[in-house]
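Accompanying notes for the structure given below.
The values are calculated or read from the model by the stated rules, or taken from the named source; none is laboratory data. All values derive from a computational prediction rather than experimental measurement. We place every Cβ from the backbone using ideal geometry, glycine too, and count neighbours over all the protein chains shown. Ligands, DNA and RNA are stripped out before the accessible areas are found, and what is left, the full protein with its side chains, is counted by its heavy atoms. Shrake-Rupley method; radii C 1.70, N 1.55, O 1.52, S 1.80 Å.
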Amino acid sequence: MIEIFNDGFKMYTALTFLTIATLLIEIICIKATSLDVAKSFVKVFYLVVVAAFCEWFGVAAPLLLPLEFRGLLILIKSVELMVAPVIPVAMALSISREKPKLYHIIPLTISAIVIFSSVFTDKIFYFTNDNIYHHGPFYFVYIIAYFAGVLYMVVKVILVSKKKGFHDILVLFLSFSLLLAGMIIQALYSNIRIDWCAAAMASTLVCLNYLTQDQKKAVEDMKKAMDEANMANKAKTNFMGRMSHDLRTPINGIMGMAQIAKKNLGNEEVVSDCLDKIDSSNRHLMSLIGDILQMSSLESGGITLSHESFDIVETLSDSIEMLSTAAKDRGVRIIDDDYENIKYRKVIGSPSHVRQVFTNIISNAIKYNKMGGFVEVKTSMIGEGDGKVTYRFTFSDTGLGMSDDFLKKIFEPFSREDDENIMKRPGSGLGMSIVKDLVTLMGGSITVISEKNVGSVFTVDIPFDVDAESEAKESKDNAPDSFEGKRVLLVEDNDLNQEIALYMLKEKGFDVDTADNGKEAVGKFLSSKPFYYNLILMDIMMPVMNGLEATRAIRSSGRSDYSVPIIAMTANAYEEDKKECIEAGMNEHIAKPLEESEIMAAIKRNI
């Protein structure tokens with residue numbers, strides 16, 4: 001053996017310390033960076049450094065150590081043989097980025113005990129009297145432990161590659177080949193020492209591969225983010241262009257008709273026609289603005305569904321009635337259902353959002369229909385049990401229909417089919433996206449089938465809780481339209497809005513007092529005789545004191561008429577705004593712009 005040392009020892013020493021120096025430099029470089037994936041391989045490099053040095057020391061011992069240091073030599077060799085099987089397991093954990101578990105530690109502990117016992121039995125390895133290393137009769141136990149570690153690494157990486165998509169699988173198996181080659185060469189030719197160099201090369205290859213993968217992923221993520229940003233910017237540009245056109249169209253109609261009316265004040269027929277067209281353009285403008293605000297709230301998660309009792313038949317009938325004039329103007333007939341399949345009329349849900357789903361679908365069916373066409377509404381019950389019921393609403397039309405390509409993106413925001421007959425009709429491309437989001441929010445589903453130039457069928461399934469305890473309430477909507485002698489306190493800070501509401505109320509016979517803010521309203525209420533006011537119409541956003549604070553002050557005033565009906569009359573139109581008003585003590589909530597029929601219906605319910 002001494003002769004072998006003399007021939008190859010310098011080469012072996014150079015190879016060992018080159019391996020150790022390379023790994024130490026890698027460790028220093030990795031420690032200096034913030035690359036977490038590389039840091040997970042540092043423990044592997046440390047283990048290889050320890051094993052390589054211990055093996056070199058075992059080979060060099062006859063040249064370096066006096067015979068009396070035999071115990072130190074045995075200890076160092078034991079460390080090498082205990083560390084070796086740990087290296088492939090540590091590499092596998094670094095690749096899978098996992099922490100060691102109990103099933104990793106138990107076999108390695110057993111291996112360590114067996115190898116350490118060799119110190120006393122010479123079964124795994126032993127040194128001669130002149131400190132020359134030899135394999136013991138059970139050296140194969142160490143080889144099996146090492147091989148089991150490599151096999152575990154192979155299996156682990158195959159699983160990781162399938163689960164996490166490790167694309168450069170060839171790099172991994174090249175690393176395994178290096179480890180196996182080093183192990184086999186060491187087992188067969190103990191005087192040829194390349195095993196730890198092979199382990200160093202293998203772990204470095206895998207580490208570099210991971211770093212390259214992460215770098216590629218970072219570049220791909222950056223490219224994807226840039227593409228998404230460009231698409232979002234393009235969509236924003238397209239949206240702004242479309243909205244500019246769609247918003248300017250009704251605004252132009254309002255301005256143009258107002259100018260024509262002003263020039264024809266003596267011609268009642270022309271003025272009446274202009275006012276009708278102003279009203280139509282105004283409704284279109286409000287519909288566009290409402291869709292934009294609704295879509296924004298849905299995307300930000302700002303929509304809150306209510307949970308209240310309502311009549312589903314009445315809600316659907318009202319939606320149809322609301323659009324009957326538009327249908328008549330376009331020569332479209334609405335075929336209403338007889339509602340015989342509605343077993344439970346009183347259900348619990350969010351009536352305003354259910355109504356919005358119905359009106360969006362029906363208004364589209366009218367808008368994109370043909371002259372003399374029809375829209376048919378059918379209802380059916382498709383599920384019942386545990387106090388719940390699921391209704392199916394089917395809306396069929398004889399309209400322009402949609403292509404198969406457009407059907408794939410009909411529920412995407414701002415989607416409109418590139419068809420001349422469709423594009424010339426006003427619309428934002430938001431209606432069906434809003435419908436889809438609302439139906440999903442209510443736990444339902446929506447499907448659509450369509451054929452070009454034949455028509456479309458929308459099917460909406462919505463689950464509701466059955467309001468079994470609800471009793472039919474007497475409707476006050478049929479009360480007389482004259483309110484002579486009834487006193488209303490109108491609280492509104494905007495002069496134009498105050499003028500509009502004042503006109504509506506006085507036309508119906510109300511005596512009206514006004515207040516410009518909440519503080520003034522509370523003062524007038526407290527200074528009046530009890531029950532002087534029959535009703536308070538309260539704006540919310542006002543200076544000095546807002547409507548919510550004013551309502552709370554009235555409700556806590558201690559007067560005998562503290563429960564006077566208070567109706568919110570506000571531009572804060574979302575469900576959470578309505579909830580906030582009710583919690584403040586208001587009886588009802590009306591959203592601006594003001595509809596005379598809606599205001600009067602609310603007043604009838606509360607006086």
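Scanning the stretch 521-545 for residues that are of a type outside the set (A, V, I, L, M, F, W, C), open to solvent by 40 Å² or more (accessible area, probe 1.4 Å) and either within 17 Å of I567 (Cα to Cα) or touching a strand residue (DSSP E or B) at 6+ places or on another chain (Cβ under 8 Å) (or both) yields K524, Y532, N534. Among the residues making up the stretch 499-520, those that are open to solvent by 30 Å² or more (accessible area, probe 1.4 Å) and either within 21 Å of E595 (Cβ to Cβ) or not in a strand (DSSP E or B) (or both) are E499, I500, L502, Y503, K506, E507, K508, T514, D516, K519, E520. Look at the stretch 43-68: where a residue is within 30 Å of E98 (Cα to Cα) and a partner is at pLDDT below 75 and part of a loop (DSSP other than H, G, I, E, B), sitting 6+ places away or on another chain with Cβ atoms under 8 Å, you get E55/R193.
All of (1) modelled with pLDDT of 65 or more; (2) assigned to a helix (DSSP H, G or I); (3) open to solvent by 100 Å² or more (accessible area, probe 1.4 Å) hold for L265 with one exception: (2).
Reported count of residues in the stretch 578-598, each being assigned to a helix (DSSP H, G or I) and either in contact with a helix residue (DSSP H, G or I) (Cβ under 6 Å, 6 or more places away or on another chain) or at pLDDT below 85 (or both), is 6. Quick check on the stretch 410-444: of everything there that is out of contact with any Lys or Arg (no Cβ under 9 Å at 6 or more places or on another chain) and of a type in the set (K, R), which residue is modelled with the highest pLDDT? Top of the filtered list is K436.
Looking at E484, E474, just one residue is modelled with pLDDT under 90, out of contact with any helix residue (DSSP H, G or I) (no Cβ under 9 Å at 6 or more places or on another chain), farther than 30 Å from H307 by Cα and not aromatic (F, W, Y), and that residue is E484. Within the stretch 329-367, the residues that satisfy the criterion of being in contact with a helix residue (DSSP H, G or I) (Cβ under 7 Å, 6 or more places away or on another chain), open to solvent by less than 50 Å² (accessible area, probe 1.4 Å) and farther than 28 Å from K579 by Cβ are V332, I334, Y339, N364, I366. So which residues in the stretch 59-84 are buried (at least 20 other Cβ atoms within 10 Å of the Cβ) and either farther than 14 Å from S118 by Cβ or at pLDDT below 75 (or both), if there are any at all? Within the stretch 59-84, V59, A61, V83 qualify. Within the stretch 584-603, restricting attention to residues that are crowded, with 18+ Cβ neighbours inside 10 Å and small (G, A, S), the residue that is nearest to S281 (Cα to Cα) is A591.
Taken together, the residues in the stretch 356-382 that are closer than 12 Å to N341 by Cα and of a type outside the set (A, V, I, L, M, F, W, C) amount to 3.
Would it be correct to say that I113 is within 22 Å of A148 (Cβ to Cβ), β-branched (V, I, T), at pLDDT below 75 and in a helix (DSSP H, G or I)? No, not satisfied.
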